[in-house]
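Written out below as structure tokens is the structure these notes cover.
The values are calculated or read from the model by the stated rules, or taken from the named source; none is laboratory data. Please read all numbers here as calculations on a predicted model, not as lab measurements. Positions of Cβ are generated from backbone atoms using ideal geometry, with glycine treated the same way; all protein chains shown enter the neighbour counts. Just the protein is used for accessible areas: all its heavy atoms, side chains included, with ligands, DNA and RNA removed. Shrake-Rupley method; radii C 1.70, N 1.55, O 1.52, S 1.80 Å.
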Amino acid sequence: MDVFKLANFQFFKLVVFFGCLLTASAAQAIDVLTPKLLETQVVIVGGGASGVMAGIQAARMGVRAVVVEETPWLGGMLTAAGVSAADGNHNLPSGLWGEFRQELIKWYGGEKNISTGWVSSTMFEPHVGARILRNMATREKNLLILTETRYTDVIRTNMGWIVTAINLNAEKLFIKANILIDATELGDVAAKIGVPFDVGMDARNTFSERIAPEKANNIVQDLTYVAVLKDFGKDADRSIPRPASYDSTQFLCACKQFCNDPKATRQHDCAKMITYGELPNKKYMLNWPIHGNDYYVNLIGMTESQRKEAIQKAKEQTLNYVYFIQKELGYKHLGLADDEFPTDDKLALIPYHRESRRMFGMVTLNLNHMERPFDQATKLYRTGIAVGDYPVDQHHGKNTNAPDLYFVPIPSFNVPLGSLVPQNFRNLIIAEKSISVSNIANGATRLQPVVTQIGQAAGALAALAIKDKTTPDSIPVRKVQEAMLKSGGYLMPYLDAKPTEKIFYSIQRIGATGILKGVGKNIGWSNQTWFYMDSTLSVGEFWRGLKEFEGKFRYKPKDDKAKLSVEEALMMIFELDKVADSPLFSFNFYDSYKEFVKARWTTDYLLPNFDLSRPITRGELAVLLDKLYDPFHLKSVDWEGNFE
């Protein structure tokens, strides 16, 4: 607390008088007896999967941050919503997501011990995830966590923001900050202050996405109120009372045993259905989309009381499903876990929201950028700050008017920085699932590992803006990307090298320039993009990449179909260096340049076998480009990935 400034109420009134554009709601807020003003640099509303990571990242970069979270737990959908089977990214351990996953592996005593169910390779008990996140957060001296504290208002001031919050003791707190991050589950803060947004499905002609519906609609994805069952032993009977609204017919095709509908698809054996979400310590997450406990409702735009009523119905849907499993399928020994959620009904603390408002950002990521990133007019891949490798996963099983978008395969992808920055709203950053993406793209960007990285990038962007005494929209893209790389984050979704390997950074930086491009593919549920660092390439491929980067490049290859050798790679980089008049080198003659490289080949560049005649690998070429020419820093990029 000593790194934060608490001011008395009289000082707060002076701040409001001299610094605020006071709204009616703010005037009402002043009419209290003993409020406190907490001064910080970054305030994050929402301590979910993105909010907690934003706070940790900002704090690690030396900036004071406050997280305001309504529930007792940090982690949102990872923990409080009970979706502790993370979708994807076990092969892309980017940044704080990778750190969190390593903590889980350490807790459970090995990686195989968190691969218990067949839906995910990262499975854990929600309360364990919440404990790990709390420990990660409390280690940061610059970070203050306010759990069980609900934001009630946001005031925009000439100098930033004042967030009004209230805790369990009905104590009111005013949090004054330079930068605000909206990490709420439904984008409520950004909507409250007037940021434009979309809700529902985009028309096909909006982004020319091949699987979008012909016409736009307001359909959002089903939400789920998760339950965790626990095995109490084969002789136990943990059956819940029959719910008043129970109707077994809606669950008959949840698995094969009772399903007689010839139109039903994707049914599994009932025992396999149960182990879908098997967690460590004989627990089972219930988040089953096939005639299970998904529930359709669009909470966006509802009042608080309307939301509570709808959420109660979602809970009833889950309790009905629990009763079906116990009564009809005979799993009486599986009862609601009594050692997971601190709730009276033993259900999760909050619903699992798959979809939010989608704010209008500097750029909008759509399916085409994910499927064919290098072929688009806007090169958003060059501005990536988070990566994902899960299919487009849209849950529409409970709305018959929605299209079937079941696990649409795509390559692994990245998320552009501009999706986090709203248009025309300075000192505001968007995180969680409210970033600027199309409805289809949201089916992949909404997943837990991606959202944690989005939060980390939001924290990095905020910290850089504070340090540079400017606004987030003024921070260069490359500066945020460099901060993410320093924190073990991925810019490009390449599987070849991990952050623990030195070549990782060169591959990431060169990949983000587009001089060398990867190849995306999908194999079943596995969505991949490979840099192919151990493969060779043709002279023409390298020449085209350099030409795209530097239009003035005039090198003429003799045979563009020939394999690129170490010699010709060096010659081309030398010629590029001369064209760009790079400050890194001032060699007038190629022979001198070549000797300079030879002296550093194994010691500085850590490359094997200096032989000018042999083919060079793509990984070696990435290292040479990065070390000799540094195109990543030489040319900045704008929000759309254009070189500046």
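For segment 224-262, filtered to residues that are in contact with a strand residue (DSSP E or B) (Cβ under 9 Å, 6 or more places away or on another chain) and open to solvent by less than 10 Å² (accessible area, probe 1.4 Å), the residue that is farthest from residue 314 (Cα to Cα) is 229. The condition (being touching a residue at least 24 places away in the same chain (Cβ under 8 Å) and either over 27 Å from residue 450 (Cα atoms) or aliphatic (A, V, I, L, M) (or both)) is satisfied by just one residue among 157, 116: 157. Sub-8 Å Cβ pairs linking a first residue in segment 221-239 that is more than 20 Å from residue 344 (Cα to Cα) to a second residue that is of a type in the set (Gly, Ala, Ser) and open to solvent by 50 Å² or more (accessible area, probe 1.4 Å), at least 6 apart or interchain, are 222/397, ordered by first then second residue. Within the set 82, 51, 88, the sole residue that is in contact (Cβ under 8 Å) with a residue 40 or more places away in the chain and either under 28 Å from residue 160 (Cβ atoms) or not in a loop (DSSP other than H, G, I, E, B) (or both) turns out to be 51.
For segment 523-534, the criterion of being in a strand (DSSP E or B), among the hydrophobic types (A, V, I, L, M, F, W, C) and farther than 24 Å from residue 487 by Cα is met by at least one residue.
Across segment 486-509, the number of residues qualifying as surrounded by fewer than 21 Cβ atoms within 10 Å (Cβ to Cβ) and of a type in the set (A, V, I, L, M, F, W, C) comes to 4.
Table: residues versus (1) of a type outside the set (Val, Ile, Thr); (2) at pLDDT 95 or above; (3) touching a helix residue (DSSP H, G or I) at 6+ places or on another chain (Cβ under 7 Å).
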site	(1), (2), (3)
249	no, yes, no
269	yes, yes, no
276	yes, yes, no
283	yes, yes, no
292	yes, yes, yes
295	yes, yes, yes
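Of all the criteria given as (1) at pLDDT below 90; (2) surrounded by 13 or more Cβ atoms within 10 Å (Cβ to Cβ), the one not satisfied by residue 588 is (2).
A search for C-beta distances below 6 Å between a residue of segment 55-79 that is farther than 18 Å from residue 430 by Cβ and charged (D, E, K, R) and any residue that is at pLDDT 95 or above and part of a strand (DSSP E or B), counting only pairs 6+ apart in sequence or on different chains, returns 70/150.
Taken residue by residue, segment 335-351 has no member that is buried (at least 21 other Cβ atoms within 10 Å of the Cβ), in a strand (DSSP E or B) and small (Gly, Ala, Ser).
Note on segment 269-285: among residues that are in contact with a Lys or Arg (Cβ under 7 Å, 6 or more places away or on another chain) and outside any helix (DSSP H, G or I), the one that is least open to solvent (accessible area, probe 1.4 Å) is 283. Scanning segment 611-638 for residues that are in contact with a strand residue (DSSP E or B) (Cβ under 7 Å, 6 or more places away or on another chain), surrounded by fewer than 17 Cβ atoms within 10 Å (Cβ to Cβ) and either assigned to a strand (DSSP E or B) or in contact (Cβ under 8 Å) with a residue 60 or more places away in the chain (or both) gives a single hit, 635.
Annotation: residue 366 fulfils all but one of (1) closer than 20 Å to residue 423 by Cα; (2) open to solvent by 40 Å² or more (accessible area, probe 1.4 Å); the unmet one is (2).
Residues in segment 66-91 that are in contact with a helix residue (DSSP H, G or I) (Cβ under 6 Å, 6 or more places away or on another chain) and either among the basic types (Lys, Arg) or open to solvent by less than 10 Å² (accessible area, probe 1.4 Å) (or both): 67, 74, 75, 76, 77, 78, 79, 82, 83, 84, 86, 89.
Listed here are the residues, each with its yes/no results for (1) touching a residue at least 60 places away in the same chain (Cβ under 8 Å); (2) within 30 Å of residue 156 (Cα to Cα).
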| position | (1), (2) |
| --- | --- |
| 368 | yes, no |
| 391 | yes, no |
| 400 | no, no |
| 403 | yes, no |
| 426 | no, yes |
| 450 | yes, yes |
| 456 | yes, yes |
| 467 | yes, yes |
